[in-house]
Amino acid sequence: MLVLMNVNATEEQTQTVCKRVEEMGYRPHPLPGATRCAIGITGNKGAVEADALSQLPGVAEVIAVSKPYKLVSRDMKAEDTIVRFEAGDAAVGGTELALMAGPCSVESRDQLFRIAEAVANSGARFLRGGAFKPRTSPYAFQGMGEEGLAIMAAAREAFGLLVVTEAVDHESLALVDQYADMIQIGARNMQNFALLKLAGRAHKPVLLKRGMAATLDELLMAAEYIMSEGNYNVVLCERGIRTFADHTRNTLDVGIVPAVKKLTHLPIVVDPSHASGKRDKVVPLARAAVAVGADGLIVEVHCDPDHALSDGAQSLYPAQFDSMVRNLSGIAELVGRTMYEPHSKTAGAEVAQ
Ligand code: PEP
Ligand code: MN
């Protein structure tokens, strides 16, 4: 059920509706839109007594939502959600293409700082890097843990980047919430409902990666889990799915981007690195992602990929990342997106004039 407030409804009227919903034993989710506020109702087993709400002052309409997901749906909020961050002016879902880049895993301070400096100079606004790694083999590198998070936080200060890093369980989620700017929920955890609920109670925006065999509905329901707990800042991520194709690690489902745009107001970024598993495929897939309307990219970059502790084969060299970003600007412009100009380049350009 969804309560649509009048365009000129007051904050007080919205609060009164929320209070009434609580009295009925349900949970209200007020989501302000560009012109008016919508209040999603969750926690109801059957139909909500619509009459009790439709008579309240400021209420325009009470609508039954037929889809299983409510808060993520465009019915709830027609306009695109722009996920913003406490620090800085970078966002995901606005006109500017969000660029997230960094190694698969944080391996050392020196390794991360070298990569962070390079990707920041190329125009990335977000630094990715795992401190807690969900690995297929229990004998593979599992990540540096809290020490890795501290290194990422130091790199944020040094290069002005926002940090996005994965949480794999309750303990790591609390730490990631403390150190990072954005909590990544990995593909293998997309249906870890206990973890999704915790992410919904965390303070930072969430990057939710699509499970490797998840349908669009399942991805949206996973996002609904997070939002139903009160965290409305969710960014979806397409990272390739399992198919019979064996020429790449996964198959990038570019078609999910317009499908997501139709059903939900949440932004979606694309990860061409895990989608392909191979360095030479990353740039073409990144181009396709921008062309199809993705709100951003998350890309693995490493200065010495041959010796990377994880995912070296799919990591771009910093110079490749730099040229990829430059070459994306033409496609970005065609689809009405802008690209961030890093200060160092702008400053350099001014000096050169
Ligand atoms: C990662 O981003 O390094 C990662 C493990 O991604 P995914 O969960 O998509 O496999
Ligand atoms: Mn990886």
_Residue among Ala245, Ala288 that is out of contact with any helix residue (DSSP H, G or I) (no Cβ under 7 Å at 6 or more places or on another chain), closer than 19 Å to Leu316 by Cβ and more than 16 Å from ligand 2 (Cβ to nearest atom)_ = Ala288
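This table checks each residue for (1) touching a Cys at 6+ places or on another chain (Cβ under 7 Å); (2) farther than 21 Å from Ile226 by Cβ; (3) without any contact (Cβ under 8 Å) to a residue 24 or more places away in the chain.
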{"residue": "Val7", "(1), (2), (3)": "no, yes, no"}
{"residue": "Thr10", "(1), (2), (3)": "no, yes, no"}
{"residue": "Thr14", "(1), (2), (3)": "yes, yes, no"}
{"residue": "Met24", "(1), (2), (3)": "no, yes, no"}
{"residue": "Ala38", "(1), (2), (3)": "no, no, no"}
{"residue": "Leu53", "(1), (2), (3)": "no, yes, no"}
{"residue": "Gly58", "(1), (2), (3)": "no, yes, no"}
*Inside the stretch 115-169, can you point out the residues that are charged (D, E, K, R), in contact (Cβ under 8 Å) with a residue 60 or more places away in the chain and surrounded by fewer than 17 Cβ atoms within 10 Å (Cβ to Cβ)?*
Arg135
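Here is a yes/no grid of residues against (1) away from ligand 1 (no atom under 16 Å from the Cβ); (2) out of contact with any helix residue (DSSP H, G or I) (no Cβ under 6 Å at 6 or more places or on another chain):
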site	(1), (2)
Gly43	yes, yes
Ala60	yes, yes
Lys67	yes, yes
Thr81	yes, yes
Leu99	no, yes
Pro103	no, no
*Candidates Ala52, Ala91, Ala87 - the one that is more than 16 Å from ligand 2 (Cβ to nearest atom) and open to solvent by less than 30 Å² (accessible area, probe 1.4 Å)*: Ala91
_Among residues of the stretch 227-250, those that are touching a residue at least 12 places away in the same chain (Cβ under 8 Å) and away from ligand 1 (no atom under 16 Å from the Cβ), counted_ = 7
_Filtered residues of the stretch 1-21 (kept if of a type in the set (S, T, N, Q) and surrounded by fewer than 19 Cβ atoms within 10 Å (Cβ to Cβ))_ = Asn6, Asn8, Thr10, Gln13, Gln15, Thr16
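The values are calculated or read from the model by the stated rules, or taken from the named source; none is laboratory data. As the structure is a prediction and not an experimental result, all values here were calculated from the model. Note that we place each Cβ from the backbone using ideal geometry, even for glycine, and neighbour counts take in every protein chain shown. Calculation scope for accessible area: heavy atoms of the full protein, side chains included, ligands and nucleic acids excluded. Shrake-Rupley method; radii C 1.70, N 1.55, O 1.52, S 1.80 Å.
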